[in-house]
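The values are calculated or read from the model by the stated rules, or taken from the named source; none is laboratory data. All of these numbers come straight from a predicted model, not from anything done at the bench. Note that we place each Cβ from the backbone using ideal geometry, even for glycine, and neighbour counts take in every protein chain shown. What goes into the accessible areas is simple: the full protein's heavy atoms, side chains included, and nothing from ligands, DNA or RNA. Shrake-Rupley method; radii C 1.70, N 1.55, O 1.52, S 1.80 Å.
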Amino acid sequence: MLIKRSSPHAVPLASEITPQAIYEERRKFIAKMALGAVAGSALWEMANREAFAQAPAGAKIAAKRNAAYSLAETLTPVKDATTYNNFYEFGTDKSDPAENAHTLKTRPWTVQIEGEVKKPMTLDLDSLMKLAPLEERIYRLRCVEGWSMVIPWVGFSLSNLIKKVEPTGNAKYVEFTTLADKAQMPGIRSRVLDWPYVEGLRMDEAMHPLALLTFGMYGQVLPNQNGAPVRMVLPWKYGFKSAKSIVKIRFLKEQPKTAWNVSAPQEYGFYSNVNPNVDHPRWSQGTERRIGEDGFFKKKRETLMFNGYPEVASLYAGMDLKKFF
Ligand SMILES: Nc1nc2c(c(=O)[nH]1)N[C@H]1C(S)=C(S)[C@@H](COP(=O)(O)O)O[C@H]1N2
Ligand SMILES: [Mo]
């Protein structure tokens, strides 16, 4: 029997909500400069050199920057991006994944692709990574809890994989299932979510070029706590849609049941597009705190519609986004 419980997503601290305008001069300068720059320009590279240099001690992964899909914002320091994580399979504290995810075995790894496709297949990691050229894309990821990061991800559009397996006319949705192994993941013992962690997209969302099948970040393979060896990154949706450590991708006629929606349907809808006009029942979604920026007293940033990716708006034309939140 499913026991009703309130959603475990953290309520922002009162101190995080303090609208105190204490700007730190250096950050202001960097932000201003980044606005006028192009990701990849000499100035931008200089400002972000430190972040790239501090990449985690993983294997390097070669990828060409896709400037058309890259924000020109200051990168989140690697230390923050790899120590402040949500990955409940390794615990619910932000520091748990970095502490516990070393037990995750990321090779050998296979991803099973099945359901409404003409060519179901099981791919090992190397074959999967060879489906298309790897690109580096600088995306903002906005957590439903009211914080965001800007990260140089490495991967390719999920559409490359979808075309390869040839969906049938019945394929209307894509479901992502992630690893749920008690032996490797201490958080699975807790009933905080119904395991395995499952997420899903409508077919046209999954085909959107922004939807990134991701293998690395900061020029390295993904650290375990960030969803190694393969995850999704969906920059226009709340972070929880970006499933980590994927083992199965299934094409379906019907909308899949997703972990957060099952856990608290009134709080987490199927679409979960970033939308500053639709508040979470327990907090506003109008602003966000950029992780790695100094302190809780810094003025929060405005959250942008679709997280600042207006090119996805046409996917939702005619839909009531308050109803389909
Ligand atoms: N399997 C799995 N994937 C997951 C989660 C999780 O708990 N388990 N958390 C999600 C949430 S809430 C967020 S905000 C992002 C965080 O990704 P990051 O740690 O790389 O920033 O991962 C998402 N993917
Ligand atoms: Mo999140």
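When each of 132, 171 is tested for being under 21 Å from residue 198 (Cα atoms) and touching a strand residue (DSSP E or B) at 6+ places or on another chain (Cβ under 6 Å), the lone residue that passes is 171.
From the list 311, 288, the lone residue that is among the acidic types (Asp, Glu) and assigned to a strand (DSSP E or B) is 288.
Checking each residue in region 237-265 for being within 19 Å of residue 9 (Cβ to Cβ) and of a type in the set (A, V, I, L, M, F, W, C) picks out 240, 243, 259, 260, 262, 264.
For region 18-72, residues that are more than 22 Å from residue 210 (Cβ to Cβ), in contact with a strand residue (DSSP E or B) (Cβ under 9 Å, 6 or more places away or on another chain), of a type outside the set (A, V, I, L, M) and modelled with pLDDT of 55 or more total 4. When 243, 228 are checked against the criterion of being within 14 Å of ligand 2 (Cβ to nearest atom), surrounded by 21 or more Cβ atoms within 10 Å (Cβ to Cβ), in contact (Cβ under 8 Å) with a residue 60 or more places away in the chain and in a loop (DSSP other than H, G, I, E, B), 243 stands alone in meeting it. Scan region 115-143 for residues that are among the acidic types (Asp, Glu) and exposed (fewer than 15 other Cβ atoms within 10 Å of the Cβ) and report the count. Looking only at that region, the number is 2. Look at (1) of a type outside the set (Val, Ile, Thr); (2) closer than 26 Å to residue 288 by Cβ; (3) touching a His at 6+ places or on another chain (Cβ under 8 Å) and you find that residue 148 fails only one, number (3). Has region 146-163 got at least one residue that is modelled with pLDDT of 95 or more, in contact with a Ser or Thr (Cβ under 9 Å, 6 or more places away or on another chain), outside any strand (DSSP E or B) and open to solvent by 10 Å² or more (accessible area, probe 1.4 Å)? No - not one qualifying residue is present in region 146-163. Taking the residues in region 198-233 that are within 10 Å of ligand 1 (Cβ to nearest atom) and in contact with a Lys or Arg (Cβ under 6 Å, 6 or more places away or on another chain) as candidates, determine which candidate is nearest to residue 86 (Cα to Cα). Once the filter is applied, the top-ranked residue is 227.
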